[in-house]
Amino acid sequence: MVHSIGRSTLSFVQALGDLALFIGQSFRAALGSKKLFRRVVRAMFEQGVRCLPVILIVGMFTGLVLGLQGYYVLNRFGSESLLGTLVSLSIVRELGPVLAALMLVGQAGSALAAELGIQRNTEQIAALETMGVSSHGYLVAPRLIASLFVYPMQTALFCCIGLWGGSVSGSMLLGLEPGIYWSAVERAVETADVRECMIKALTFGLLTVALCAYHGFNAHRNRASTGARAVSASTTRAVVQSSIIVLAADYVITSFLI
Amino acid sequence: MADDFLLKVENLHKRFGANAVLAGASLDVPRGSLIAVLGRSGAGKSVFLKCLADVIEPDSGTISFDGHVLTKDQPAARAEFRRRCSFLFQSNALFDSLTALENVALPLEQTTSLPEKEVIARSMEALKQLELEAHAERYPSQLSGGMQKRLALARAIVTRPELVLFDEPTAGLDPLRRNAVFTMIAKYQRQFGFTALVVTHDVPEALVASDRVALLDSGVMCFQGTPDEFATSTNTIVRDFRDSEAALTQTLGSIRRGETIQSEDS
C-alpha cells in the first residue's frame, strides 16, 4: 500500500513537472515562432467567438436561477432589496469565473485536446518537427496566449449577462424595483472583487488550455490505448482533469484572496 | 575536397523493449543519388528512416550529414540538417485543416524570412511543377490519394532540400499508381537534383528507378550496391528477397496443379 501511494505521488509530481515544462517550452517557442499573431487571432476566434453562445446561455440561466432562488430566500426575511448584492457577489466572485471556465473546457478545451491528439496520430506533429518547425510554438503557444485574453473576456461577459439574468428574475418577473437591484449591485461589487474574478479567469484559462493541449499533444504516450481510442482517452482525461483543476485552483485562490 | 557522401550512417542501434529493430545498420548515401532501402515488412526500414529524420532517437550509432556528425549536444548541426532535409511520411502527414497552398507554404513561412509574396510565389511554383496548381485552394481530404502524395512531395521540395527521405511512398497503392509514384520520384529527383533515400518493399520498381540499392534484414544492411549488383548477387538473403516473386509464381503453380506444398512454418 505504502509502495503504491509512493508510486502514485511520484508520478503525480512528475506529471506536474512535465506540465510546467510543457508550458515553459511553449512560451519560449512562441518567441521564435513566425506569423504568431495570425494564429493567436484564430485561436481567439475558436475559444472566443465559437464559445460565445454557450457562455451567454449559461450565464443568463445562472443569473435567472440565482435571482429566483435568492428572491424567495431573502423575501422570508424581508430583505429582497439585497438581491443585487447576493447575485452580484455570487457571480463575480465565484460562479462567473468557475462556470465560464467549465463551459470553455467543455467546448474549446475538448476540441483542442482532440485536434492535437488527431494531429499526433496522423503524424502532423512529427511532420512539423522534421520541417524544423517547433510544434510547441506553432500549435500550443497561440492557444495559450489566446487563453490569456479570451478567458477574462468571456468571464466578464458571463458576469454581465448573469447580473442581467438576476435582474430579469427579480425585477421583471417578481416585481422588485430595478433601481433597488442595480444600486445593490453597484454598492456590493468592489474593485477587489473584479480583480479576484480576473485573477481566477486568467489562472483557469492558462491551466485548462495547457492541460488540454498537454493531453492532446501527448496522446501517443498513453500505453493503455492507441489510435482513435488514445485520442478519445486523452480528450476525456483533459476534460476531467481540467474541470477538477478549475475547482481546486478556485479554492486555493479564494483562500489567498479572501 | 568535399565528401562524396551526403549522408553516412554507422552502426545504428534501436531497441523497443526486448525487440531490437536496428542492430548496427550502416549506410552510405552518395550525393545526388537515389537510393532504395529494401526490406520485408517489419524489418525496421521505417524506424531506420525515422532515426535519420530525428523523429525517433536511436540508442547508439553515428549519423553524419555533409561531414558533420549529428549529436544531441550539437543543436546547430541538427537544425542545419533539418533545414537541408525533407521527410515524406508514408501517411503523407498533410495538415487537414490547411489548403494545399497553405500546406506547401507552411515550411517556407515558418523556417525562412521570405516575404509573404515570395512564399506564395514559390509555393505556387512547387504546386505547378507537380501539376496541382488548379487544386491550390482545396483541402487534402478533397484530393485523390495520388494527388495527396504529390502534394506531400511539393511540400517536401518547396524548401529546395538537398536530401529527401521517402517512407514507403507506394504503400497500399495499386501497381499503376506505384509506377506513377516511382516515376514521379525519379523524375523530380533528377529535375531538382536532390539526394533521395526511398524506403520500400517494391523490388522491381526500386531496381529500375534507383541508382543504388540497400537491403535491411534483421536490423542490419546485408547488402549495398547498384541495382545490377543486386540482380546478380549470390547473397542468400538478397536472392530470397529478389526471387520472391518467382518463388510465389512457382508455389501458386504447384497449388493449381494440386501438388503438396512444404510450408516454411512446418
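Nothing in this text is a laboratory measurement; each read-out follows from the coordinates by a stated rule. All of these numbers come straight from a predicted model, not from anything done at the bench. Positions of Cβ are backbone-derived with ideal geometry, glycine not excepted, and every protein chain shown enters the neighbour counts.
Quick look at the numbers
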read-out: Cα-based Lys pair tally, the protein assembly as shown, threshold under 19 Å, eight or more apart or on separate chains; value: 14
read-out: Convex hull volume per residue in cubic angstrom - Cα atoms of chain B; value: 162
read-out: Mean ellipticity per residue at 222 nm, deg cm²/dmol - from DSSP H runs of n ≥ 4 across chain B, formula -39500 (n - 2.57); value: -12500 deg cm²/dmol
read-out: Point-to-point label distance, B:Ile255-A:Asn75, nm (Cα→Cβ direction, 7 Å offset); value: 8.3
read-out: Peptides B:201-210, A:5-14 ordered by average Cβ neighbours within 10 Å, highest first; value: B:201-210, A:5-14
read-out: Dipole moment magnitude, nearest 20 debye, chain B about Cα centre, only Lys, Arg, Asp, Glu C-beta charged; value: 300
read-out: Net charge of neighbours whose Cβ lies under 13 Å from the Cβ of A:Leu66, counting Lys and Arg as +1 and Asp and Glu as -1; value: 0
read-out: Helix A:227-257 vs. chain A, principal-axis angle (Cα, 0 to 90°, nearest 10); value: 50
read-out: Those GluC sites (Glu not before Pro) in the range B:100-132 that DSSP places in a loop and that have at most 12 other beta carbons within 10 Å; value: B:Glu131
read-out: Average beta carbon contacts from partner chains per residue of B:100-111, 10 Å cutoff; value: 3
read-out: Euclidean distance of C-alpha centroids, the range A:1-45 and the range B:11-25, integer Å; value: 31
read-out: Listed residues B:Asp228, B:Asp73, B:Asp211, most fluctuating in chain B (Gaussian network, C-alpha, under 10 Å); value: B:Asp73
read-out: Computed FRET value (nearest 0.05) for B:Glu57 with A:Arg187, which takes r as the C-beta separation and R₀ as 51 Å; value: 0.25
read-out: Span per principal axis, largest first, for the Cα atoms of the range A:43-257 (Å); value: 68, 31, 30
read-out: Degrees, to the nearest 10: B:244-257 long Cα axis against longest axis of chain B; value: 50
read-out: Relative packing of B:148-155, A:195-202, A:225-232, which averages over residues the other C-beta atoms within 10 Å, highest first; value: B:148-155, A:195-202, A:225-232
read-out: Nearest-ten-degree value, helix A:110-121 long axis tilted from longest Cα axis of chain A; value: 0
